[in-house]
Amino acid sequence: LDECWNLLENQGQFIAESFRTFRKHGASAIAISQNLEDFLSTPLGRVIYQTTYFKFIFRQETSGEFLTDHQKEMLLSLKSKKRVYSEFLLVSDFHQKICRFYASPLKFHLFNSDKTERERFTRFRDERENLLDFKEILHQYVYLKTGVEV
């Protein structure tokens, strides 16, 4: 669930039911938001945060009442290098450590949220969508940008 803050505010019953149903069938749910406070500002968000086993938290300033002072310090020490890696804090019952994520060229271009990059890809896609399906367009784009075949 991307941009979970909106769903937490407006569709709390749907989220609660989904999370219960997923667990019952051996599946898992992933809730994503730009800000930890989005989860901590609603009762349902707090329950999701408290019952989530693995938490991946990227750099942000937060009151984070569920974070220890040490975890808050770790969070503020996170670094990223644009187009190379992003660090995040991994928190679970047994772990609290800084990890580094390196996206593959395909994942980088598929999930990139940079406005200029999105506009570039949209123009590229629009010129080809009558000839190719999305997967082929994306693979061509990544190859032309990086020289890496996917």
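Being at pLDDT 95 or above and open to solvent by 100 Å² or more (accessible area, probe 1.4 Å) is the filter here, so list the residues in the range 80-96 that pass it. Once the filter is applied, which keeps residues that are at pLDDT 95 or above and open to solvent by 100 Å² or more (accessible area, probe 1.4 Å), the range 80-96 yields nothing. Which one of LEU106, LEU110, LEU75 is under 20 Å from ILE32 (Cβ atoms), modelled with pLDDT under 95 and in contact with a strand residue (DSSP E or B) (Cβ under 6 Å, 6 or more places away or on another chain)? From the options LEU106, LEU110, LEU75, the qualifying one is LEU75.
The residues of the range 80-137 that are in a helix (DSSP H, G or I) and of a type in the set (A, V, I, L, M, F, W, C), listed by number, are LEU106, PHE108, LEU110, PHE111, PHE121, PHE124, PHE134, ILE137.
None of ARG46, ARG59, ARG20 is modelled with pLDDT under 80 and among the basic types (Lys, Arg) except ARG20. The set of residues in the range 110-144 being farther than 20 Å from SER86 by Cα, within 23 Å of the chain's Cα centre (by Cα) and open to solvent by 60 Å² or more (accessible area, probe 1.4 Å) consists of GLU119, ARG120, PHE134, LYS135. Take the conditions (1) of a type in the set (Gly, Ala, Ser); (2) over 19 Å from the mean Cα position of the chain (by Cα); (3) surrounded by 11 or more Cβ atoms within 10 Å (Cβ to Cβ); SER63 misses just one of them, which is (3).
If ALA31 satisfies all but one of (1) surrounded by 15 or more Cβ atoms within 10 Å (Cβ to Cβ); (2) within 30 Å of LYS145 (Cβ to Cβ), what's the number of the condition it fails? For ALA31, the failing item is (2).
The values are calculated or read from the model by the stated rules, or taken from the named source; none is laboratory data. Note that the structure is predicted; figures quoted are calculated from it, not measured. Glycine also receives a Cβ, built like all others from the backbone with ideal geometry; neighbour counts cover every protein chain displayed. Just the protein is used for accessible areas: all its heavy atoms, side chains included, with ligands, DNA and RNA removed. Shrake-Rupley method; radii C 1.70, N 1.55, O 1.52, S 1.80 Å.
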